[in-house]
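**Student:** Structure incoming, see below.
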Amino acid sequence: MTDLFQYVPGNSPLHRMNPVTKIALTLSVCVAAFLTDNLFVLLALILFDLMIGVAAGAFRKALAIFRGLFKVSLFLFVLQALFVRRGNRLLWIVTDEGLSTAAGVVLRLLAVCLPLALVLTVTRVSDIAGALVQVLHVPYAYAFTLTTAIRFIPQFMEEMSGIMEAQTARGVEFDTKNIFKKLGLILPLCVPLLISSIRRTGATATAAEVRGFNLRTRASGYKKYGFGLVDLAAVLISAALITGAALIP
Amino acid sequence: MIEVQSLTFRYEVSERDALRDVNLTVPDGAFLGIIGPAGAGKTTLLHCMSGIIPHAFPGDFYGAVRVGGLDTADNRLTDLSRLVGTVFQDVDSQIISSVVEDEILYGLENFGVPHEEIGDRLTAALEQVGISSLRERTIASLSGGQRQKVAIASLVALRPQILVLDEPTGELDPFSSRQIFTLLRTLNREHGMTVVVVEQKIMLLSEFADRLAVLNDGEIVKEGPVRGVLSDIPLLERIGVNCPRAALFSSLLAEKTGTEVPVCVSAEEAVEAARRVMG
Amino acid sequence: MIRAENVSYSYPGNAQTVAGLSFHIEKGEFAAILGENGAGKTTTVKLIDGLLKPTEGKMTVNGLDTAKSRVSERAAQVGFLFQNPDRQICRNTVREEIAFGLRAVWGRREEDKIRTRTDELLERFGFTGDEDPFALSRGQRQQVALASTLAPSPAVLILDEPTTGLDYRECTRIMDFIRQLNEEEGTTVVMVCHDMEVVLDYARRALVMAGGRLLADGPVREIFRDEALMKKASLLPPQIIRIAGELGEGFREADDAETLSSLVAAKAERRRGA
């Protein structure tokens, strides 16, 4: 799980694409997913996501992300299916509209999460920061905050799994199958997790400062982030996704 | 050169002095090891040498610390950082990139190294630290020892006069620990960097450092050439600092034979000393 | 007590991390697992604890197959002290911290028993019970973690680099305590440790690993004296063992500075007399 959000080196068109374009493409998928209510369009978006995964050479990772989202999706699906009361009753309190709303929520979730995770797989965090600063003129402090947060995700997850392992070893039932019970056990552990994270953030800030964080300007970046044909293609695809989602009823 | 003069420091939140009247001079080109029990003030002293104290941690600061002639209290942390490179205790919180070369680029970019020079500086730093082959690797795929080297390379690239490190081998196995110290020795001897290391692994430290400073309860209780410091075994025992077994052996041997036996820091030296005693 | 039969383990999607491990650790032993980083030491102790289940082979602890029982169920029998106490500590006072682990193992209905046992441990470790664990030093936090690991009186105690980040005095205190437990209560101890001096001083048996396999298994001193083996496992034996080995016949048996210096002094004396 901890490597889900981590950069995987490669030389695919997606790796070479300008980071800003990648972010734009990701956001387009999100916008498209929220514009449409058509389940088939959502399915098409997911298919598109998977194709991107293949193009990035990360198909197996894309599947792993799906698997990771499966439990949450299932939970959401059941919740939606039970609570939407409109439409015709099919079985007990489950209605046809409930089912389609539930399917919509889950498909949307999948369609949106996948590209977000994939962007991090094909882009180095320093390139995200660099391009945001250079191309979009985002102040460096904001870009740094964003990338530090991204860098923290795997560390945070590693710490969490370490804590859960240590607690399991002392008899706390983290190996229970009951997800609610597990949640109840996890909550008290957020305190040590928070403390270690805060300690870490402080150290990161100081470490960045002694390496000239305050001196950084828009001109500091060594790498230049240009736009090429891949980027043009991505922009066209983005436009097509949004238009398609908006037009198809 | 680092000059610490009558330095007393107390953290803002604390009720007792972390350092008390510390006087210490680290000459250019020295390899100084700082030892002492937990809570003695080792990390605090290191932070004072790099200017992180008083700039990043507030507190009561008395006395003076001068690094390369600059008074740390009167100069910005960023300016001090050009002279002193700091490797923090927790390397993972220090590394901000996902790929090795980006990590080394970071400081070079920030300190405004001309872009036409950056490529060469990057390559040179990787070579000096011996990690050229790791250039394109992701940080996540590296071992603890390799990450430590990346952190060191990211500072070496900035060509500081002084390198200060806080327990750089804390999480490493004996083999990688030795590699890190060998690297520090190379940087010290061949590239003329002054090295200051806080370390619990006294055996390793005694073998590689040329001076030791012993801290106890915020005060320097002994400072000098390694062998001189290690000859005072009762002091080290009293404050709860380990001492290399070879040094213990040589002092016991001197005591039992009533002859002069040089203080030994490595097994090889001890063997030689024992053979000489036995004729 | 601990029996590994041809145990292999691979993390999902990776090559095998440990392969073909077979060993047998009896009740009351004090064993150290040695090897460089990546040799598979931590994986091995996690297999013993059941935090990982063998992908092949069988691991039994106290007669229980680790693959067929839950870790949390076996926590009463096997205690695991981690390198980083901060992953273990999650309560606001030392007393609560110790009681927390006991409650997880014994259940909430045993409050009286839990209180008695907690008091006993607080006294033994010299805590009042009201300390805030997060305000203590690293060494003291490691002691809190050890106290709560020992609280249910496990028959097996696993230590994964218990002395990392501790100073000499803290390290000695923790290790002396564990030795006492091993000698007086017969607790079986399995320890992963990078500090060869600590291994020499405390462990009696050593299992040497390299590349996920068991290279050797025997009494600590014999293992350390086997130069070829040490080299193969990228390990450096303790200084005194190296000095004694180098001095050769008549000195090789010495394993502490006191004995070795006496032997050398005696020989020098004989020389002078002759």
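**Student:** Which of the residues that make up the range A:187-200 are facing another protein chain (nearest Cβ under 7 Å) and in contact (Cβ under 8 Å) with a residue 24 or more places away in the chain?
**Tutor:** Across the range A:187-200, the qualifying residues are A:L189, A:P192, A:S196, A:R200.
**Student:** Within the range A:143-167, which residues are crowded, with 21+ Cβ neighbours inside 10 Å, of a type in the set (A, V, I, L, M, F, W, C) and modelled with pLDDT under 85?
**Tutor:** Those that are crowded, with 21+ Cβ neighbours inside 10 Å, of a type in the set (A, V, I, L, M, F, W, C) and modelled with pLDDT under 85: none in the range A:143-167.
A quick yes/no check of all residues on (1) on the phi < 0 side of the Ramachandran plot; (2) open to solvent by less than 10 Å² (accessible area, probe 1.4 Å); (3) in a helix (DSSP H, G or I); (4) of a type in the set (A, V, I, L, M, F, W, C):
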position: A:T101; (1), (2), (3), (4): yes, no, yes, no
position: A:V106; (1), (2), (3), (4): yes, no, yes, yes
position: A:L120; (1), (2), (3), (4): yes, no, yes, yes
position: A:A131; (1), (2), (3), (4): yes, yes, yes, yes
position: A:V138; (1), (2), (3), (4): yes, no, no, yes
position: A:A141; (1), (2), (3), (4): yes, no, yes, yes
position: A:G171; (1), (2), (3), (4): no, yes, no, no
position: A:T176; (1), (2), (3), (4): yes, no, no, no
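**Student:** For A:L183, indicate whether it is over 21 Å from the mean Cα position of the chain (by Cα), more than 30 Å from C:L157 (Cβ to Cβ) and open to solvent by 70 Å² or more (accessible area, probe 1.4 Å).
**Tutor:** So A:L183 fits the description; yes.
For every residue, the table says whether it meets (1) under 25 Å from C:M191 (Cα atoms); (2) in contact (Cβ under 8 Å) with a residue 60 or more places away in the chain.
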| residue | (1), (2) |
| --- | --- |
| C:L52 | yes, no |
| C:N62 | yes, yes |
| C:A75 | yes, yes |
| C:P85 | yes, yes |
| C:R91 | no, no |
| C:E97 | yes, no |
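**Student:** Turning to a different aspect of this structure: Only residues in the range A:78-104 that are closer than 18 Å to A:N38 by Cβ count as the first member; pair them with residues that are loosely packed, with under 14 Cβ neighbours inside 10 Å and among the basic types (K, R), Cβ under 6 angstrom, at least 6 apart or cross-chain, and list the lot.
**Tutor:** Partner pairs satisfying both residue conditions: A:E97/A:R86.
**Student:** Still on this structure: If a residue must be within 26 Å of A:L116 (Cα to Cα) and either at pLDDT below 80 or exposed (fewer than 12 other Cβ atoms within 10 Å of the Cβ) (or both), how many such residues does the range A:67-98 contain?
**Tutor:** Qualifying residue count for the region: 5.
**Student:** For the range B:133-183, which residues satisfy the criterion of being at pLDDT 90 or above and either open to solvent by 60 Å² or more (accessible area, probe 1.4 Å) or among the basic types (K, R) (or both)?
**Tutor:** Within the range B:133-183, B:S133, B:R135, B:E136, B:R137, B:R147, B:K149, B:R159, B:Q161, B:R178, B:Q179, B:T182 qualify.
**Student:** Sort out which residues of the range B:42-71 are in contact with a Leu (Cβ under 7 Å, 6 or more places away or on another chain), more than 27 Å from B:V241 (Cα to Cα) and assigned to a helix (DSSP H, G or I), and write them in order of number.
**Tutor:** Result: B:H55, single match.
**Student:** State the number of residues belonging to the range C:227-273 that are over 26 Å from the mean Cα position of the chain (by Cα), open to solvent by 80 Å² or more (accessible area, probe 1.4 Å) and more than 10 Å from chain B (Cβ to nearest Cβ).
**Tutor:** Here the count works out to 2.
**Student:** Need at least 3 residues that are out of contact with any strand residue (DSSP E or B) (no Cβ under 7 Å at 6 or more places or on another chain) and either under 30 Å from C:A228 (Cα atoms) or in contact (Cβ under 8 Å) with a residue 60 or more places away in the chain (or both) per element, so show me which helices (runs of 4 or more DSSP H) inside the range C:106-218 make the cut, counting only ones lying wholly within it.
**Tutor:** Answer list for the range C:106-218: C:168-185, C:196-202.
**Student:** Right, another one. In the range A:201-236, which residue that is more than 9 Å from chain B (Cβ to nearest Cβ) and of a type in the set (K, R) is nearest to B:T86 (Cα to Cα)?
**Tutor:** Checking each candidate, the answer is A:R218.
The values are calculated or read from the model by the stated rules, or taken from the named source; none is laboratory data. Keep in mind that what you see is a predicted model, and the values were worked out from it rather than measured. Note: ideal-geometry Cβ built from the backbone for every residue, glycine included; neighbour counts use all protein chains shown. Note: areas computed on protein heavy atoms with side chains; ligands, DNA, RNA excluded. Shrake-Rupley method; radii C 1.70, N 1.55, O 1.52, S 1.80 Å.
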